[in-house]
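Read-outs: derived from the displayed coordinates by stated rules, not from any lab. The model shown is predicted, which means the values in this text are computed figures rather than measured ones. With ideal geometry, Cβ positions are generated from the backbone for all residues, glycine too; neighbour counts draw on all protein chains shown.
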Amino acid sequence: MSAGSEGGPALADTGITGEHIVAPTEAADDVLRVEHVSKRFGPVTALRDINLHLRKGEVLGLLGDNGAGKSTLMKIICGFVKPDEGQMVLKGEPYEPRSVDQARSLGIDTVYQDLALIDELSVFHNMFLRLEKIKSPLPFLANHVMRKEAREALDDIGVNIPRLNVPVARLSGGQRQAIAVARTVHSEADILLLDEPLAAMGAKEGALILDLIARLKAEGQVSMIMVLHNYVHVLTACDRVNLIQDGVITLDKPTSETSVEELTEIVVDEYRRARQAARAGR
Ligand SMILES: Nc1ncnc2c1ncn2[C@@H]1O[C@H](COP(=O)(O)OP(=O)(O)O)[C@@H](O)[C@H]1O
Ligand SMILES: [Mg+2]
């Protein structure tokens, strides 16, 4: 059972496994709340009891081991995967997205870990993927307009992609990632979900994306959930950090109140427990 009554502590002991599960928390300026969300894939329980909230203008960092359920959670929020249980609240309204398109129409846009660019299409066509129909009926959407806007969006980030009419299959991982991020950031969305946006990037490209995120944060209009692996990135880019372990959130702290040391310690501990469990199961 997840403990934690209203107004109770953010960390609640389950008493069963000795682990901590973050109970539903909230703030007056929340744009999104996720409550008691669970998801199974056949025999695999990806998410058990997820509670999180996102405040307006906030950058929330989501950390966790491989397989912890981070991408599944992002996909539930963006309408790609349906949860088995639980509910969500978006800008004060009950939120049950039927599709990614519906989520997008409500202001949520996503950079997926598994990118979702179309290899055969050009850079600029990828940047306008799914947006064509919003702008105007396709025949009126001139290529040169798309190319110009794509160029502006990429220049804005500072990522160097010399030719926008080449198929994205020919680009490096970092360039592809930059396109996915630029596309999302230039959408009308006010909630961005970024699943490992720096994964395929070198330090220089990664720094450009982190700068872009800092700029968006300074503007204060967009709220973000970002899956990151590098603790230094988390502590510099995010306002708050949530740690997901085994399909539950076990830590919820402002980044100003945690440190690389604390986050490392928690994960070292997780490996210690995993090793013990593996031994016990032998
Ligand atoms: N579509 C799916 N079908 C079956 N299992 C899945 C599917 N998506 C995720 N899983 C499983 O759910 C668990 C969580 O995966 P995921 O959310 O991708 O973790 P993370 O992003 O934290 O690495 C993993 O065990 C993964 O294999
Ligand atoms: Mg993932």
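Tabulated data for the structure shown
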| item | result |
| --- | --- |
| In nm, spacing of pseudo-spin labels at residue 207 and residue 277 (7 Å Cα→C-beta vector) | 3.9 |
| Estimated dipole of the chain in Debye, rounded to 20 [Cβ of Lys and Arg +1, of Asp and Glu -1, Cα centre] | 980 |
| R0 of 25 Å, Cβ-Cβ distance residue 144-residue 172: FRET efficiency to nearest 0.05 | 0.45 |
| Above-threshold pairs, the threshold being 22 Å between Cα atoms, out of 39/253; 82/253; 75/204; 148/217; 56/253 | 39/253; 82/253; 75/204; 148/217 |
| Proportion of all alpha-carbon pairs of the chain beyond 33 Å (%) | 24 |
| Charge dipole of the chain about the Cα centre (unit charges at C-beta), most positive-ward option of 236, 72, 62 | 72 |
| Segment residue 214-residue 40, extension gain: residue separation times 0.36 nm, minus the distance between their alpha carbons | 59.1 nm |
| Highest-MSF residue in the chain out of 256, 187, 71 [GNM, Cα springs under 10 Å] | 256 |
| Modelled FRET efficiency - R0 30 Å, residue 256 with residue 93, Cβ distances, 0.05 increments | 0.45 |
| For residue 245, residues with placed amide H under 5 Å, excluding near neighbours | 250 |
| Within a Gaussian network of the chain (alpha carbon springs, distance under 10 Å), most fluctuating of 79, 42, 61 | 42 |
| With Cα atoms, 0 to 90° folded angle of helix 203-219 axis to the chain main axis | 80 |
